[in-house]
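S.K.: The structure is given below, and queries will be raised subsequently.
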Amino acid sequence: MTTTMHSYSEADRQRVIDFRRLCNTAENSNDYPTVLDLHELLHISLAGQTVRTALWEDSSGKLVAYAIVDSQYCNCYFLVSPHFRSHELETGILNWAQDRLRDGTLAAFCYSTIPTETNQLSGRNEGEVAIIGTRSAYRGQGLGRAMLLTALQRLKDRGVETAVLGTSSENAAAQAISASAGFHIRYRSLWYSRPISR
C-alpha cells in the first residue's frame, strides 16, 4: 500500500495524540514517548531546532505512522499502526531519521527521569538527573552546565519539586557544575569492589 510522508505542523497535533492513544496496548502504554511526553516533543518540534517530526499517511489520508528525531540526544522514536505493517514503510522511517541525524556532531547530552514508584513509596516529588556527558573536544565551554539547567527546567515543567543527582567523589568537574546549579550533598555512598579469581 502506498504511503506519503509530510512534516509535522501544529494542525497535526491532535491527530498524533489520538493516533498514540489508538495504538496503546497494555505492553506499550508507558513506552516513551507517552501521550504526555508527546505534547512536549511536538511543541519543541515546531521550533525545528533539535526535534523533528514526520507523519506517514495512507492513500486515504489516514495517519499510519509518525517518527520523532531528537538530535540533541541522537534518538529516534516512531510508532506504526499495528494494522499497517510494511517493511518498506519502516525502512523509509529509519532512512528519514538517519538523514535527520547526519547533521552536526553530538557534543553533549543529559538524561533525566522521574522515578514514579520511588516517589510513591517515599512520599516525595523528586526527579533525577541520571547522566550528563560532554565529548572531550567540547569540554570547558559550559555545555555540561547547560545540559543540567535544561534538565532541571524540564523536570520543573513536569511539576517536580526537588531534583537529585549523584557523581563520583573523583569527578571534580561534575561536582563543580552541580554546586554552581545549587545542589548540595545530601548523603554519600561507598562502593566496594574486589577481584574474584577463578
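No value in this document is a laboratory result; all are computed from the given coordinates. Keep in mind that what you see is a predicted model, and the values were worked out from it rather than measured. Counting neighbours? That spans all protein chains shown, and the Cβs are built from the backbone with ideal geometry, glycine included.
S.K.: Which values, in whole Å and largest first, are the semi-axes of the equivalent ellipsoid of region 108-180 obtained as the square root of 5 times each eigenvalue of the Cα gyration tensor?
M.R.: Whole-Å semi-axes of the equivalent ellipsoid: 24, 13, 10.
S.K.: Quick one: order W191, W96 by neighbouring beta-carbon count within 10 Å, fewest to most.
M.R.: W191, W96
S.K.: Using a 10 angstrom cutoff on alpha carbons, build the Gaussian network for the chain and name the most mobile of E27, E161, E126.
M.R.: E27
S.K.: Here's another thing I want to ask about it. What translational diffusion coefficient, to the nearest whole µm²/s, does region 3-101 have by Stokes-Einstein, given a Kirkwood radius computed over alpha-carbon pairs, a temperature of 37 °C and 0.692 mPa s viscosity?
M.R.: Answer from the Stokes-Einstein relation: 243 µm²/s.
S.K.: Cα-Cα pairs above 31 Å in the chain: how many percent?
M.R.: 33 percent
S.K.: Determine, for C74, C23, the number of other Cβ atoms within 10 Å of each Cβ, and report the residues in order from fewest to most. Please list the in-between numbers first.
M.R.: Values: C74 10, C23 16.
Ordered by Cβ neighbours within 10 Å, fewest first: C74, C23.
S.K.: Normalised by the residues of region 108-180, what does the relative contact order come to in percent, with Cα pairs under 8 Å and at least six apart?
M.R.: Relative contact order here is 35 percent.
S.K.: Can you work out the Karplus-derived ³J(HN,Hα) for every residue in region 60-77? Use 6.51 cos²θ - 1.76 cosθ + 1.60 with θ = phi - 60°, whole Hz, and x for glycine or proline.
M.R.: 8, x, 7, 5, 10, 6, 9, 9, 10, 10, 10, 5, 4, 10, 6, 10, 10, 10
S.K.: Sequence gap at least 6, Cα distance under 8 Å: using those rules, report the relative contact order of the chain to the nearest whole percent.
M.R.: Value for the chain: 13 percent.
S.K.: Find how many whole Å separate the alpha carbon centroid of region 180-198 from the alpha carbon centroid of region 120-173.
M.R.: 17 Å
S.K.: Let me ask something else about it. With 10 angstrom as the radius, rank M147, M5 by how many other C-beta atoms surround their C-beta, starting from the fewest.
M.R.: Working: M147 23, M5 15.
The fewest-first ordering by Cβ neighbours comes to M5, M147.
S.K.: Further question: Suppose a student asked you for the relative contact order of region 3-101, using Cα pairs under 8 Å spaced at least 6 residues apart; what percent would you report?
M.R.: Relative contact order for region 3-101 comes out at 26 percent.
S.K.: Of the candidates A130, A26, A47, which one comes out as most mobile in a Gaussian network treatment of the chain with C-alpha springs shorter than 10 Å?
M.R.: A26
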